[in-house]
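Asks: Quick one: the structure is below, and I'll ask about it shortly.
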């Protein structure tokens, strides 16, 4: 880090975050549309199917220059594209500040982008892709073996097992008592990923933050038109993901404040 000026590192981190966000938007839209993720290789307008050139796909800048519309058919580009890119850029910068130029930053950057992509999909479909949850769990556990400043493979393994196990028990208990689904299997798999990222000690705070933010978020699902109030489905994955990301950034400081 000393060999690279700080401002260059943060500039590069922001650009990398935007690029990863652009890739995440492609993954999100193609997964929702149930089309192959890797084909076609180029981007296309979802409205007119016209192939998009380089000037149409520059993260953030293209959205601004095109005023949020397709160059070819004038169709409105959904704000989701911009939100995903900005979210990934914000995560790239925040994690860069937290971890510096290190293997930890690279690993948690990618895992965080996966959480963001999964969250936007969950908001839209109430589903979490296995490519995000199980793929992220595998990546987190693999990384725990070589990250010097990570949670360690023992804690990561225990966290993944405990997180998924606890939510599986909750899922089965709710199904047994209420005779209906209250917690999706995707959330169970997501907790394996999150547990692998935070380790066992990080699970309580992560779940607490996720629950509190989910409680706030449920207000939206209570009042939004066309839904059955609080009885309507509330995606829990995005809030658990938020709890995980907050813990990675500020968990140690929060724990010190809480204990003191």
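The values are calculated or read from the model by the stated rules, or taken from the named source; none is laboratory data. These numbers were taken from a predicted model, which means no experiment stands behind them. Every residue, glycine as well, gets a Cβ built from its backbone with ideal geometry; the counts of neighbours run over all protein chains shown.
Asks: From (1) crowded, with 24+ Cβ neighbours inside 10 Å; (2) farther than 14 Å from residue 19 by Cα; (3) under 12 Å from the mean Cα position of the chain (by Cα), pick out the condition that doesn't hold for residue 129.
Replies: (1)
Asks: Separate question: Looking at (1) surrounded by 20 or more Cβ atoms within 10 Å (Cβ to Cβ); (2) within 14 Å of the chain's Cα centre (by Cα), which one does residue 135 not meet, given that it meets all the others?
Replies: Checking residue 135 against (1) surrounded by 20 or more Cβ atoms within 10 Å (Cβ to Cβ); (2) within 14 Å of the chain's Cα centre (by Cα), the one that fails is (1).
Asks: Out of curiosity, is residue 165 under 16 Å from residue 243 (Cβ atoms) and assigned to a helix (DSSP H, G or I)?
Replies: Working: under 16 Å from residue 243 (Cβ atoms): no; assigned to a helix (DSSP H, G or I): yes.
No, not satisfied.
Asks: Based on what the data block shows, is residue 211 modelled with pLDDT under 95 and closer than 29 Å to residue 152 by Cα?
Replies: Numbers: modelled with pLDDT under 95: yes; closer than 29 Å to residue 152 by Cα: yes.
The answer is yes for residue 211.
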